[in-house]
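Structure first, then comments.
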Amino acid sequence: QVQLVESGGGLVQAGGSLRLSCAASGRTFGTYAMGWFRQAPGKEREFVTAISDSGGITFYTDSVKGRFTISRDKNTVSLQMNSLKPEDTAVYYCAVQSSATGLRAGGVNYWGQGTQVTVSS
């Protein structure tokens, strides 16, 4: 049974930092891309970032470029979020797909349960 378990969410003031992690289990994800989506209240879930199986390819949505950094170590993916803004407030979901390009396009094979990130102004 595949499981994606996120951790690291919380409440932070604007300008602060948080680090999210997602541990995948139940199969080997070495050949899969991993990434993050988020969903703010009243909005659709949106792509945030993805990293390829090798870690050599990364994608970011424009609004987080220069502030967020994705990394991975085998079956664990992390998201370092700096210079957080109130508009980054959302539930963040870990996601897995066969390619980073596919994740960026919204195709997801597996979802995590989500972790809340709240940025106060």
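The values are calculated or read from the model by the stated rules, or taken from the named source; none is laboratory data. Owing to the predicted nature of the structure, the values given are computational and were not obtained by experimental measurement. No Cβ is skipped: glycine too gets one built from the backbone with ideal geometry, and neighbour counts run over all protein chains shown. Quick note on the areas: whole protein, heavy atoms, side chains included, nothing else; ligands and nucleic acids left out. Shrake-Rupley method; radii C 1.70, N 1.55, O 1.52, S 1.80 Å.
Restricted to region 11-89, the set of strands (runs of 3 or more DSSP E) holding at least 2 residues that are in contact (Cβ under 8 Å) with a residue 40 or more places away in the chain and under 16 Å from residue 117 (Cα atoms) comprises 18-25, 33-39, 46-51, 76-81.
Consider residue 49 against the criteria (1) out of contact with any Phe, Trp or Tyr (no Cβ under 6 Å at 6 or more places or on another chain); (2) β-branched (Val, Ile, Thr); (3) under 21 Å from residue 108 (Cα atoms): it satisfies all of them except one. Which criterion is unmet? So residue 49 meets the others, but not (1). Looking at region 50-68, which of the residues that are polar (S, T, N, Q) and farther than 19 Å from residue 19 by Cβ is least open to solvent (accessible area, probe 1.4 Å)? So, considering only residues that are polar (S, T, N, Q) and farther than 19 Å from residue 19 by Cβ, the one least open to solvent (accessible area, probe 1.4 Å) is 52. Taking every residue in region 97-111 that is among the small types (Gly, Ala, Ser) and pairing it with any residue that is surrounded by fewer than 16 Cβ atoms within 10 Å (Cβ to Cβ), at least 6 positions away or on another chain, the pairs with Cβ-Cβ distances below 6 Å are 100/57.
In region 71-109, of all residues being among the hydrophobic types (A, V, I, L, M, F, W, C) and within 18 Å of residue 8 (Cα to Cα), the one that is surrounded by the most Cβ atoms within 10 Å (Cβ to Cβ) corresponds to 77.
Looking at region 95-121, which of its residues are out of contact with any Asp or Glu (no Cβ under 6 Å at 6 or more places or on another chain), of a type in the set (Ser, Thr, Tyr) and more than 13 Å from residue 24 (Cβ to Cβ)? Within region 95-121, 98, 99, 101, 118, 120, 121 qualify.
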